[in-house]
């Protein structure tokens, strides 16, 4: 477990020092400016990725850089970090004009970048990873492992992180590995830290630990460029926000002057999606009914109950959300309904009032149930296959003629999915691994919509995709509900749960602790029912 202790000698929050609002970088940068980029343009094979972009980062500032995939964020970060060298414009670092020949030059200037995909060696210890490639030697021959461990421990203490430097990185949680990456960057004496989607794979508690470290670094005058698709964390963490759209800077403003909707509008060029209030499934016959659903799974050498008597109805045209903390049983509900869970299932599932036996995803498909799983790369897609092959896969039997695949029908279906969901691609033969996260997710959803389901199970449908793609998926979910699909939705993002859902079923430790109507639902109400204390109250209320 990682804990974060306060750093010594903290100064006033930099929010108290930031009051100049939006302005264009001009002239020579002052001593308070860590990075100033002026008129940056960059092309790739004739395609303009950045167009006359200005950007400014102050010492001790947490500055969020936002935009859709393809907006130019990564290109700008890589120019500042020395990854891209051929560009137009000027970059000043700590007031001095710089043009790096490579990453090592940028590191020597005090710049470190932490990529979304962590660059650590699992078999080495945390300390060895921190100094990998820069190991101190004894007599110029043997690696001084004692010195590495001692220096790494001192560095972690300075960051306020309690973590064993001698533990193998492969044994650490993802959040702990992220902190090792930060320590590795700061071991280079970095004064400018670029963080690319650092929380994309972290739990809520790991995010809080990371935020504390980031704030403490800013207090020690480290300047931080922070990119994220999660607007709520940007609003909580950053002091200023710069938004890029189509390679141009469209917004720079102090965080206190912005709302989530204002940021979304700047990123996508349109207003954020709002809930279609007034849609009411009413007293329609449930398309799905679950009664006393249980699931027993094996953990280690013993069995434990993962679901305890869950019951609910889902009506046509309804979006029913499932809220709760990680490990509460949300995903298990979807997988059990879909016949994909491992273990002993109990209870009853009814589709349009008739009891059904769903023992496998093949059974679920026959009864008109589709599942978009939370891990699209591992369980939703064949990454090295084409869009056409992925879309056709669940329907290949229905599309066949005389027992043979009909490539003509598969191509027609794939084109329909690409057009309906606005999948941005070069064509249906494009390999799925080369698509952006949002377009991969659209492909997963599209392949299941192509089976014409009555019930759609969505598990974290917007995880790891940018705001623009999120808005498109929100629109799609609303439209599918209007068309009469019953939608069961799991998401860890409370604002998303409240935005999309007509009702919310709340889970805690495998037990159903409440059902909230739209009028009753709030972040506080969901968290109150999701907390373990809700189980105590529920038990106390039982006869």
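Taking the range 153-180 as the range and being modelled with pLDDT of 85 or more, in contact with a strand residue (DSSP E or B) (Cβ under 8 Å, 6 or more places away or on another chain) and buried (at least 16 other Cβ atoms within 10 Å of the Cβ) as the test, the residues that pass are 165, 169. Suppose the filter is at negative phi and in contact with a helix residue (DSSP H, G or I) (Cβ under 6 Å, 6 or more places away or on another chain); does residue 143 pass it? No; evaluated as a whole, the condition is false for this residue.
Condition check: part of a helix (DSSP H, G or I) and surrounded by 22 or more Cβ atoms within 10 Å (Cβ to Cβ). Does residue 184 satisfy that? Explain how you work it out, then say what you get.
On the way: part of a helix (DSSP H, G or I): yes; surrounded by 22 or more Cβ atoms within 10 Å (Cβ to Cβ): yes.
Taking the combined requirement at face value, the residue satisfies it.
Name the residue that is nearest to residue 477 (Cα to Cα), counting only residues in the range 432-443 that are more than 17 Å from the chain's Cα centre (by Cα) and crowded, with 16+ Cβ neighbours inside 10 Å.
443
As for the range 461-470, it holds no residue that is modelled with pLDDT of 95 or more, within 23 Å of the chain's Cα centre (by Cα) and buried (at least 23 other Cβ atoms within 10 Å of the Cβ). Taken over the range 50-72, the criterion of being crowded, with 22+ Cβ neighbours inside 10 Å and more than 27 Å from residue 219 (Cβ to Cβ) is satisfied by 50, 53, 67, 68, 71, 72. Listed by position, the strands (runs of 3 or more DSSP E) enclosed by the range 287-383 that each have at least 3 residues that are under 29 Å from residue 428 (Cβ atoms) are 369-372.
Flag: residue 246 does not match the condition of being surrounded by fewer than 17 Cβ atoms within 10 Å (Cβ to Cβ), in contact with a helix residue (DSSP H, G or I) (Cβ under 7 Å, 6 or more places away or on another chain) and in contact (Cβ under 8 Å) with a residue 24 or more places away in the chain. Of the strands (runs of 3 or more DSSP E) lying entirely inside the range 24-113, the ones with 3 or more residues being over 22 Å from residue 266 (Cβ atoms) and within 29 Å of the chain's Cα centre (by Cα) are found at 33-44. The C-beta contact set for the range 126-147 (first residue within 14 Å of residue 185 (Cβ to Cβ), second residue at pLDDT 90 or above and assigned to a strand (DSSP E or B), distance under 9 angstrom, 6+ apart or interchain) comprises 126/168.
Does residue 114 satisfy the condition of being in contact with a helix residue (DSSP H, G or I) (Cβ under 6 Å, 6 or more places away or on another chain) and either modelled with pLDDT under 90 or surrounded by 18 or more Cβ atoms within 10 Å (Cβ to Cβ) (or both)? Spelling it out, residue 114 is indeed in contact with a helix residue (DSSP H, G or I) (Cβ under 6 Å, 6 or more places away or on another chain) and either modelled with pLDDT under 90 or surrounded by 18 or more Cβ atoms within 10 Å (Cβ to Cβ) (or both). Of the residues making up the range 203-240, those that are buried (at least 19 other Cβ atoms within 10 Å of the Cβ) and not in a helix (DSSP H, G or I) are 222, 223, 224, 225, 226, 227, 228, 229, 238, 239, 240. Checked against (1) at pLDDT 95 or above; (2) farther than 14 Å from residue 504 by Cα, residue 302 meets all criteria but (1).
Being part of a helix (DSSP H, G or I) and surrounded by fewer than 17 Cβ atoms within 10 Å (Cβ to Cβ) is the filter here; which residues of the range 123-150 pass it?
Listed by number, the residues that qualify are 145, 146, 147, 150.
The numbered conditions (1) surrounded by 15 or more Cβ atoms within 10 Å (Cβ to Cβ); (2) within 18 Å of the chain's Cα centre (by Cα); (3) free of Cβ contacts under 8 Å to residues at least 12 places away in the same chain are all true for residue 198 except (3). Would you check which residues across the range 234-243 are without any contact (Cβ under 8 Å) to a residue 40 or more places away in the chain and either closer than 19 Å to residue 53 by Cβ or in contact with a strand residue (DSSP E or B) (Cβ under 9 Å, 6 or more places away or on another chain) (or both) and list them? Result: 235, single match.
Looking at the range 255-288 only, could you name the residues that are modelled with pLDDT of 85 or more, surrounded by 14 or more Cβ atoms within 10 Å (Cβ to Cβ) and within 24 Å of the chain's Cα centre (by Cα)? Residues satisfying the conditions are 255, 258, 260, 262, 263, 264, 265, 266, 267.
The values are calculated or read from the model by the stated rules, or taken from the named source; none is laboratory data. Predicted model, so just to flag it, every value in this text is computed and none were measured. For neighbour counting, all protein chains shown are included, and Cβ atoms are generated from backbone atoms with ideal geometry for every residue, glycine included.
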